[in-house]
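Peer 1: Mind having a look at this structure? Questions to follow.
Please treat every number below as a calculation from the coordinates, not as lab data. Keep in mind that this is a model prediction, so the values were computed, not measured. As a convention, Cβ positions derive from the backbone with ideal geometry for all residues, glycine included, and neighbour counts pool all protein chains shown.
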């Protein structure tokens, strides 16, 4: 059976569309759309813009301006979107006035799933027939393999959204197995269009981030800068090449600035990981936060600066080691009715 | 460098008794870090960065109380005392060798950041002087005299001053161990009264004064004062040379944590020991040298970033010690770091597998910042 190992935020969302038959009637949705368009024109009028050319981005900006909110969860903030985005897709009523269902597989319970399986199997048989024909004609079979590395199959939730009905894990795994069998056949290129509907590209994380090239200062020594932050500390680091491993923080030596061994170990980590301990000099400035936060901020800044000196593969290693990620942990706010962020008051029985 | 080691070995054999390196001269570059030159008099720039051995009996005789605590632990663990020859010590030794003893005593102040080896430099110099036959007046840590004193007696000699019998007796005992033969040679020049009945006549050996101090603990501080005065007066004559070695000299002019019975704070001048020591450190005598160290670690009411003579001595101390020869001590140079690391490796002190690699060495150098104390503490758990 297939087990989903890496999860994305898409997986965590609940699929409301497949839960049951209509909760919102078509007339209701139509009315919502009309109201939305009217409201859009009113909003454009209020903001002094042209109602005809008022796009969704302008709406978002206007709402953020009129109703500013400091809530962390973006979904919790006030928003104005087209009703089709707000109300999830619902299955329309599947039977006619006389009570007869439209689809022939309605009484199986999972009509779209079984129809999908039938379709896929039809394609499979098609490909096999084509293959037999080619063998009969003694023509060579095409062997262009699809690039499976950069793509993944649809997740169970995405498939549920597509079919608008609930699936079980077993069903989902059977469907994926069928697709894989289909792709494994040599002549599967014929049905490429059909298979593309069930694939998704996995963008490589690294390509989004731009690595700055090295800069050179007066003496011709290469250097690069990086910035980092942790909790409330902000740090900038300038890493010079051809050095002796000397590090200066805010004008003082690290031995004096960080008397604790733990902080110095944090500073050592990026250099040790790349094996360049004695090769670079570093000058950093840091402010805010406490002792540990400043050490973490400098570590991030130096790792970012070292990216320019190092090959792409090593940058990928650093990213996987967690040297290039900003640590999102901040002090949690205290809630009313509790003593701290999590600690409740002492419970007294009476 | 291998040839140097061997050549010195043969040269030293002709000289004073030196303990040779224990192992068979092996394939490993052991000689690079060690030198079998056990006499500080013969140390030159060639030996810089290398460790030399002091035989354990000498350690007990010369340093009953001078060495830092961690170094004493290291001696007990490794069963040998290895001291590194470093540039500040070599400079000091050169100055001492070239100094003219007819002139007033020159004052040297060793200063530097925390944990860079000031006390060890002082001990190196003390070892040299004791080998040369000087009379060594070694005060291990002047800070011990201005803090944590359980008993304070009012001095019988001078009503204003306060005595510290415990510290004085401890110091007298150690002084006796280190300078046995001088105590028989030097004779008192005056008659001293200890209380109503006891007295020391003129012309008695100084050892008797010391015995008196040890026996009658109440008058130990006065005994110390007497010893210091006698030695100072007699060093003029040139029958012996005197080295005054004080560690933590900034304690003499700082503040104390001691309080009198009426809870008023005690100034350092009011302590007999401090008063007498100040007189010694003044350069109004000739026939020797004064070598002192500044120390922030034991100092009271000083910020931890202070290390220059001006900050640590204060105005009073600076004026009192002025003029002096400052000797800065810095962290390990790369060569010294290599030899220290090699020594730990060779004595199997670094047990961690990674510590044997080049990367491990680079890590140690980074994390300790080439500071001797940090390196010592880092290498401990490894």
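Peer 1: Could you give the distance between the Cα centres of the stretch A:319-345 and the stretch A:219-271, to the whole Å?
Peer 2: When both Cα centres are located, 26 Å separates them.
Peer 1: Within the stretch B:149-187, list the residues whose amide N lies under 17 Å from a label point set 7 Å along Cα→Cβ of residue B:262.
Peer 2: Answer for the stretch B:149-187: B:153-155, B:159-162.
Peer 1: Further, regarding this structure: Kirkwood Rh, the stretch A:215-321, all Cα pairs: how many Å?
Peer 2: Result for the stretch A:215-321 stands at 13.7 Å.
Peer 1: Taking 0.36 nm per intervening residue step and subtracting the Cα-Cα distance, what contour gain separates residue A:79 from residue A:177 on full extension?
Peer 2: So the extension gain works out to 31.2 nm.
Peer 1: Across all directions of projection, what mean area in square nanometres is found for the Cα convex hull of the stretch B:340-382?
Peer 2: 2.5
Peer 1: If you don't mind, there's one more thing I want to ask. Take residue A:319, project a point 7 Å from its Cα along the Cβ direction, then tell me which residues of the stretch A:230-273 have their backbone nitrogen under 20 Å from it.
Peer 2: A:270-271, A:273
Peer 1: Ok, one more. Distance in nm between label sites at residue A:126 and residue A:287, each 7 Å beyond Cα in the beta-carbon direction?
Peer 2: Inter-label distance under the simple model: 6.6 nm.
Peer 1: Determine, from the Cβ-Cβ distance of residue A:242 and residue B:304 and an R0 of 25 Å, the FRET efficiency 1/(1 + (r/R0)^6), rounded to the nearest 0.05.
Peer 2: 0.15
Peer 1: Counting only the backbone N, which residues of the stretch A:77-95 are under 13 Å from the spot 7 Å out from the Cα of residue A:56 toward its beta-carbon?
Peer 2: Of the residues in the stretch A:77-95, A:80-87 have backbone N under 13 Å from the label point off residue A:56.
Peer 1: Sticking with this one: What angle, in degrees between 0 and 90 and rounded to the nearest 10, separates the Cα long axis of helix B:69-78 from the longest principal axis of the Cα atoms of chain B?
Peer 2: Approximately 50 degrees, to the nearest ten.
Peer 1: Sticking with this structure for a sec: Using the basic label-point model (7 angstrom from Cα toward the beta carbon), what is the residue B:359 to residue B:189 distance in nanometres?
Peer 2: 6.9
Peer 1: Could you work out the mean count of beta carbons from other protein chains within 10 Å of each residue's beta carbon in A:252-263?
Peer 2: Counting other chains' Cβ atoms within 10 Å and averaging over A:252-263 gives 3.
Peer 1: Further, regarding this structure: Taking only the alpha-carbon positions of the stretch B:165-320 and ignoring solvent, what does the Debye formula give for the base-10 log of I(q)/I(0) at q = 0.09, 0.15, 0.18 Å⁻¹?
Peer 2: Debye output, listed in q order: -0.33, -0.88, -1.17.
Peer 1: What 222 nm value per residue comes from the helices of chain A, counting each DSSP H run with n ≥ 4 as -39,500 (n - 2.57) and dividing by all residues, nearest 500 deg cm²/dmol?
Peer 2: Estimated from H runs of four or more residues: -12500 deg cm²/dmol.
Peer 1: Determine the relative contact order of the stretch A:215-321: mean sequence separation of Cα pairs under 8 Å and six or more apart, normalised by residue count, in whole percent.
Peer 2: Relative contact order comes out at 39 percent.
Peer 1: What is the Cα radius of gyration of chain A over 2.2 N^0.38 Å, N being its residue count?
Peer 2: Ratio of Cα Rg to 2.2 N^0.38 Å: 1.44.
Peer 1: Rounded to the nearest 10 degrees, what's the angle between the helix A:261-274 long axis and the longest principal axis of chain A, both from Cα atoms, 0 to 90?
Peer 2: 60
Peer 1: Counting pairs of alpha carbon atoms under 8 Å apart in space and at least six apart in sequence, what relative contact order in percent does chain A give?
Peer 2: So the answer I get is 14 percent.
Peer 1: Quick one: compute the contact order of chain B, relative version, from alpha carbon pairs under 8 angstrom and 6+ residues apart, as a percent.
Peer 2: Reported relative contact order: 21 percent.
Peer 1: I've got another one for you. Taking 0.36 nm per intervening residue step and subtracting the Cα-Cα distance, what contour gain separates residue B:349 from residue B:95 on full extension?
Peer 2: 87.9 nm
Peer 1: Next question, about the same structure. Compute the separation of the alpha-carbon centres of the stretch B:327-366 and the stretch B:92-159 and state it in Å as a whole number.
Peer 2: The stretch B:327-366 and the stretch B:92-159 have Cα centres spaced 30 Å from each other.
Peer 1: Still on this structure, please answer the following. Over the protein assembly as shown, what is the percentage of antiparallel beta bridges among all DSSP beta bridges, to the nearest 5?
Peer 2: Of the beta bridges lying entirely in the protein assembly as shown, close to 55 percent run antiparallel.
Peer 1: Would you kindly work out the equivalent ellipsoid of the protein assembly as shown from its C-alpha gyration tensor and give its semi-axes, the square roots of five times the eigenvalues, largest first in whole Å?
Peer 2: 84, 34, 23
Peer 1: Out of all DSSP beta bridges with both ends in the stretch B:123-258, state the antiparallel percent to the nearest 5.
Peer 2: The answer is about 55 percent antiparallel.
Peer 1: If one takes the longest principal axis of the Cα atoms in chain A, at what angle in degrees, from 0 to 90 and to the nearest 10, does the Cα axis of helix A:56-66 lie?
Peer 2: 50
Peer 1: Over the Cα atoms of chain B, compute the convex hull volume and normalise it per residue, giving Å³.
Peer 2: 143
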